[in-house]
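Student: Just passing along the structure, written as structure tokens.
The values are calculated or read from the model by the stated rules, or taken from the named source; none is laboratory data. Here the structure is a predicted model, which is why all the values come from computation and not from measurement. Positions of Cβ are backbone-derived with ideal geometry, glycine not excepted, and every protein chain shown enters the neighbour counts. We work out accessible area using only protein heavy atoms, side chains counted, and drop any ligands, DNA or RNA first. Shrake-Rupley method; radii C 1.70, N 1.55, O 1.52, S 1.80 Å.
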Amino acid sequence: MSRRALRRLRGEQRGQEGPGLGQLGIDPGLEHPWGTPFLHCPCSLSLCLQIPAEESEDEPLTGEEQADTRLSEQDTAGGNKEGNKERNKEGAVAEDTDDGQREEEEAEQPDQMPASSNKPRKKKKKRKTKKTSAGDTVEDNDLEDIDSLLERLEDPSGLSPQSQGGLIADNRPLLYVEHRNLNPENELKRYFGARAVLGDQRPRQRQRQYVRSTWLTAPKNTWPRYSKTGIAMRLLDTRRGVQHFTFEHHREYQQVQFKFLDAVESMDPNNIVLLLQMNPYHVDSLLQLSDVCRMQEDQEMARDLIERALYSLECAFHPVFSLTSGTCRLDYRRPENRAFFLALFKHLMFLEKRGCPRTALEFCKLILSLDPENDPLCVLLLIDFLSLRAREYTFLTRLFQEWESHRNLSQLPNFAFSVPLAYFFLSQQEERPELERSQARERAARLIQLALIMFPSVLMPLLDHCSVQPDARVASHPFFGLNAQISQSPALNQLTSLYVGRTHALWKDPAVMAWLEPQTHEVLQMVEARDPLVQEAEHKRKIRYQSAPRNIYRHVILSEMKEVTAALPLEVTSQPVMGFDPLPPLDSIVSYTRPERTSHPSSESTLSLFFRSLLPNFNLQGDIRHDADDEAGAGQDLNQGVNRLMAAMRDMLANIQFQEPPRDDNPEGDGDWD
């Protein structure tokens with residue numbers, strides 16, 4: 001009697017033993033290319049588990065046991081448990097019966113038998129040797145199997161990337177964000193290799209304490225231990241498939257926020273450092289102290305503080321909030337949401353300086369997806385530069401084609417010049433078909449001519465930054481001369497200066513200059529022929545660009561380009577600009593307000609008030625409070641007058657120089673003294 005019959009006599013069920021190939025739906029004759037048989041899974045996602053064919057402890061099945069297995073499969077298909085038990089008992093008794101009866105049963109139901117069961121025993125032995133070798137192969141390729149399953153899980157259609165070909169990027173939303181592109185180490189690995197980037201970090205990670213896994217940043221061992229900071233995210237509503245969220249500050253966090261505002265008013269960074277020692281994950285303190293470190297040329301510490309702020313905010317995400325879908329919105333008018341926008345933008349700038357333009361582009365897409373209608377940080381002035389640096393020319397051209405109709409991107413100097421440059425780079429790619437390359441060349445020529453007609457003041461500064469001397473015809477023509485720069489409005493001057501200062505390095509390529517020269521001469525011929533496009537562009541420049549919106553000024557401040565920041569209007573430079581909230585919106589939605597300080601009459605004398613004013617944390621406005629409306633103007637005038645007096649006295653004390661007594665270099669000399 002065989003072991004299978006003995007197990008059934010003991011009362012063991014079929015589920016307690018190893019499943020056979022027939023039960024799993026595996027064709028024994030069909031094997032995986034790696035030597036591992038795989039499942040025929042009917043699911044639409046094709047998430048088929050690869051089970052290594054381990055060598056069974058039992059002896060090889062005889063002809064009787066194979067027939068018994070087929071009978072049990074037929075009973076299982078019937079779905080009657082009682083009938084299964086009876087048949088199993090009959091199968092156990094039938095182990096001792098004649099072989100001829102089993103052959104008749106096999107002949108009655110030939111359709112339900114696996115096709116490979118009729119194969120000779122020699123092939124079974126051969127497959128058995130393959131199974132033993134396949135087990136070792138699967139152990140070596142465990143990680144590859146896991147990666148392939150994860151890729152299928154991420155694909156909503158259930159198809160592998162190879163089956164879809166190059167249509168994946170076209171079918172995804174325009175602002176779709178990929179998690180793998182948010183990690184700068186992945187980009188650095190592509191440039192320098194994993195060994196150069198990781199180094200000796202792998203053994204250290206095994207001993208690191210458990211921390212929460214995040215997408216935006218990777219927590220470091222040097223950071224303080226994270227605890228709940230008092231920030232939460234709430235889902236406001238869902239409209240037309242778009243989810244609107246907002247951050248919220250609990251009462252404990254509000255108290256820390258009030259202390260932070262007091263520390264900022266003191267103008268002493270040490271007070272912010274003390275506050276961070278007590279609250280190491282206070283977001284606004286991290287942002288403000290990062291600016292202080294950056295001014296002190298400590299770029300590493302400044303970047304570390306920004307990453308810690310992002311980690312604190314990501315730990316407060318709502319479970320439904322998604323970074324990749326592009327359908328989650330945050331309102332910049334709410335002060336609680338601004339820290340997330342600013343932390344992402346500053347992290348983006350650090351990534352670009354670090355040499356990770358692809359990762360910076362992904363963060364730029366993330367910021368734009370949070371509020372694409374208003375674009376509070378005006379990242380549209382930056383996304384073209386990052387696309388060109390990351391060589392994502394197809395994304396830039398697709399953005400221009402889809403948004404030109406409702407956003408008028410061609411009226412921005414950066415898109416007017418960057419899009420034809422992207423088409424030119426596409427025309428230089430030899431792996432593309434010749435038809436696509438010729439179409440890209442035609443579009444590049446047409447768009448660059450329109451850009452030169454619309455913004456003629458860009459050409460000469462661009463050539464100057466590239467250290468290129470134009471020919472005599474271009475240099476002497478008034479259309480591109482100094483008059484084009486003087487006649488334009490200050491708002492347009494800021495946009496052109498921002499673009500030239502940021503992207504001039506991309507135009508230094510000799511091939512680009514050789515392509516730009518004939519297009520410039522074509523524009524001059526159109527100007528001399530008095531083409532209607534030239535007059536229409538001049539009319540648009542006079543009507544538009546009268547004043548820049550507030551988000552452009554905010555972008556200029558955050559970009560930290562000296563030549564552009566110096567051209568900001570007085571209405572922007574006259575008000576204080578804080579790194580944690582530069583130029584807040586005029587229509588802010590305030591959820592809680594800072595309590596007023598308790599006013600107390602000052603009994604100090606003028607002399608003591610003067611000496612106290614020499615301290616850096618002196619604030620007369622905190623001591624003199626006037627509640628009545630009629631006294632507000634008088635109190636403000638008094639405050640300004642005292643501040644002017646104190647500033648004059650500081651200058652006077654700084655300019656006082658005490659005359660030193662005459663030095664007697666020759667004490668034994670014979671000088672005459674009266």
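Student: Tell me, in nm to one decimal, what length is gained between Ser410 and Ser574 on full extension, where the rule is 0.36 nm per residue of separation less the Cα-Cα distance?
Tutor: Full extension of this stretch gives 55.8 nm more.
Student: Further question: What distance in nm lies between label points placed 7 Å from Cα along the C-beta direction at His318 and Trp215?
Tutor: 1.5
Student: Sticking with this structure for a sec: Scaled to the compact-protein estimate 2.2 N^0.38 Å, what is the alpha-carbon radius of gyration of the stretch 357-494, rounded to two decimal places?
Tutor: That ratio works out to 1.14.
Student: Sort Met278, Met349 from largest to smallest accessible area, using a 1.4 Å probe on the heavy atoms of the protein chains.
Tutor: Met278, Met349
Student: While we're looking at this one, here's another question. In square angstrom, what is the accessible area per residue of the stretch 376-484 with a 1.4 angstrom probe?
Tutor: That works out to 43 Å² per residue.
Student: Suppose accessible area is computed on protein heavy atoms with a 1.4 Å probe; arrange His347, His244, His465 from highest to lowest.
Tutor: His465, His244, His347
Student: Between Thr238 and Ser487, what length comes free when the chain is fully extended (0.36 nm per residue of separation minus the Cα-Cα distance, one decimal in nm)?
Tutor: Gain on extension, Thr238 to Ser487, equals 84.9 nm.
Student: Under a crude label model (7 Å from the Cα following the beta-carbon direction), how far is Asp464 from Ser325 in nanometres?
Tutor: 5.0
Student: Next up: What accessible area per residue comes out for the stretch 257-320, rounded to a whole number of Å², with a 1.4 Å probe?
Tutor: Spelled out: the 1.4 Å probe surface of the stretch 257-320, per residue, equals 43 Å².
Student: Carbon and sulfur atoms: what percent of the 1.4 Å accessible area of the stretch 213-325 do they account for?
Tutor: After summing per-atom areas, the C and S share lands at 51 percent.
Student: Counting only protein heavy atoms and a 1.4 Å probe, tell me what percentage of the stretch 423-556's accessible area is made up of carbon and sulfur.
Tutor: Looking at the stretch 423-556 in its full context, I get 53 percent from C and S.
Student: Compute the relative contact order of the stretch 362-463 as a whole-number percentage, counting only Cα pairs closer than 8 Å that sit 6 or more residues apart in sequence.
Tutor: Answer for the stretch 362-463 is 20 percent.
Student: Direction-averaged shadow area of the convex hull around the Cα atoms of the stretch 441-548, nm²?
Tutor: 6.7
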